[in-house]
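In what follows, a structure is listed as structure tokens, so that the remarks can point back to it.
Just so it is clear, none of the values below were taken in a lab; they were calculated from the coordinates. Just so it is clear, the model here is predicted, and its values are computed rather than measured. No Cβ is skipped: glycine too gets one built from the backbone with ideal geometry, and neighbour counts run over all protein chains shown.
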Amino acid sequence: MSEKPVVLVDPHFRQMSEIFSADDLARLHDQFEVIWGKDEPMPLDEARQALTTASAVVCADWRYGDILPALPSLRGILTVSGGMPRNLDYDYCFAQGIRILSAAPAFARPVAEMALALALSASRSISSNDRAMRVGQEQWLHAGNVGTFMLFNKPVGFIGYGSLARALQPLLQPFGCPISVYDPWLVDGYLRSQGVTPISLEQLLETSRVIFVLAAPTSENQALLSRTMLERIQPNAVLVLVSRAHVVDFEALTDLVVAGRFKAGIDVFPTEPLAYDHPLRSAENAVLSAHRAGPVEEALWDIGSMVIDDLTAITQGFPPQRLQVAQPELIRRYMTNTIKKVTP
């Protein structure tokens, strides 16, 4: 019987029990010779030595330095953070056939679910009416529905058509919403084959009643939704931001939402936590979520399941199927670490 493939599992900041269910943890150890597999980061010198015999590494980021030429057995780098690894020689990996994979697809379903929830809450003023009722200022019946609208059959726009959009699309199907998409990285024929209508960004903003910002941050889309673009949104529409604040001129978004120009559901911010005195915290037109759309238990356990499946494929000489694969044409266009973290 052949020996098990050696895999370095060094997932910190993630915890082992956070990303591996009991069944998947057993599957991991059954199929692979696991090095480390602990919650704390593996000491760097030990990790570098272990990598010399490893077929793959499961990590939160590439922190091991410029050692790739000394790793003859390495076939895969799998990150559990949701982004592609930084400080990595991608050209070398592509030339040597080392697969670089991200756990981003594990977050698609929970983020899509939250995006729908934010859209419904904003369009029906659920959060603002809840706040009013708790302090005895609610409006009953018709008076409580001024400015609200139903999602059924309303035109919807997706900015970006990656894994988040593809997970959200079937959730909208029961509502009968025609979906338009702006995604400059995808050809029109492909988008039409997916049952959506390709459209310019200007048209999408002007014609959509609900706009979902689902695009990953790239070197080309910082503040794509500028003040000028945001002013194209029709009054009383809803903008849902669940990918990255990088894509939006956040100051302009704040001004327009506070002014009541349109409604917004927001899960991501340029600085997190959001400042306690930020105007959005008191904006009646805003439904706010503390960057919690993705990391729910089921999604985090999906990471472990996907990692084991693709480790199995890679070590058996097959292409990975479940995680996001780094593409040579796109990898340098992605932006990482676009959120500034501050201590409350």
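Report the extension gain between ASP277 and SER21 in nm, rounded to one decimal, defined as 0.36 nm multiplied by the number of residues separating them, less their alpha carbon distance. Let's see the in-between values first.
Details: separation 256, 0.36 × 256 = 92.16 nm, distance 3.97 nm.
That works out to 88.2 nm of additional length.
Pulled fully out, how much extra length does the chain show between GLU298 and ALA95, if you take 0.36 nm times their separation in residues and subtract their Cα-Cα distance?
Here the segment from GLU298 to ALA95 would lengthen by 69.5 nm.
For segment 1-147, what does the relative contact order come out to in percent, with C-alpha contacts under 8 Å and a separation of six or more?
Reported as a whole number, the value is 18 percent.
Expected output is a single nm value to one decimal: the length gained when fully extending between GLN139 and ARG86, i.e. 0.36 nm times separation in residues minus the C-alpha distance. What is it?
14.0 nm
Which parts of segment 151-173 would a label at THR197 reach, counting a residue when its backbone N lies under 11 Å from a point 7 Å out along Cα-to-Cβ?
155-157
Which shape class, rounded, prolate or oblate, goes with the chain when its Cα gyration tensor gives a ≥ b ≥ c as root eigenvalues, a/c under 1.5 marks rounded, and past that a/b bigger than b/c marks prolate?
Here the chain falls in the prolate category.
Of all DSSP beta bridges located in the chain, what percent are antiparallel, nearest 5?
5
Could you pull out every residue, at least 5 positions away or on a different chain, whose amide H is within less than 5 Å of the one on VAL6? Hs are placed 1.01 Å off N in the peptide plane, and Pro or chain starts have none.
Hits under the 5 Å cutoff: GLU33, SER55.
Work out from phi, with θ = phi - 60° and the Karplus expression 6.51 cos²θ - 1.76 cosθ + 1.60, the ³J(HN,Hα) of each residue of segment 204-213, listed in order in whole Hz, and give x for Gly and Pro.
With the stated coefficients, segment 204-213 comes to 4, 5, 7, 10, 8, 7, 10, 10, 9, 8 Hz.
Would you list ILE266, ILE126, ILE314 from fewest to most Cβ contacts within 10 Å? Could you put the intermediate results ahead of the total?
Values: ILE266 27, ILE126 15, ILE314 22.
Listed from fewest to most nearby Cβ atoms, that is ILE126, ILE314, ILE266.
Picking from ALA60, ALA252, THR148, whose Cα lies most toward the positive end of the charge dipole for the chain (charges on Cβ: Lys, Arg +1; Asp, Glu -1)?
So the residue we want is THR148.
Could you list which residues have their amide H under 5 Å from that of GLY265, counting only those 5 or more apart in sequence or on another chain, with H placed in the peptide plane?
Residues meeting the amide H criterion: LEU239, VAL240, LEU241, VAL287.
Where is the GNM fluctuation largest for the chain (alpha-carbon springs, 10 angstrom cutoff): LEU172, LEU241, LEU300?
LEU172
Under the rule of at least 5 residues apart or a separate chain, name every residue whose amide H is placed under 5 Å from the amide H of SER180.
VAL156, GLY157, PHE158, THR197
So how do SER180, SER226 line up by other beta-carbon neighbours within 10 Å, fewest first?
Ascending Cβ contact count within 10 Å gives the list SER226, SER180.
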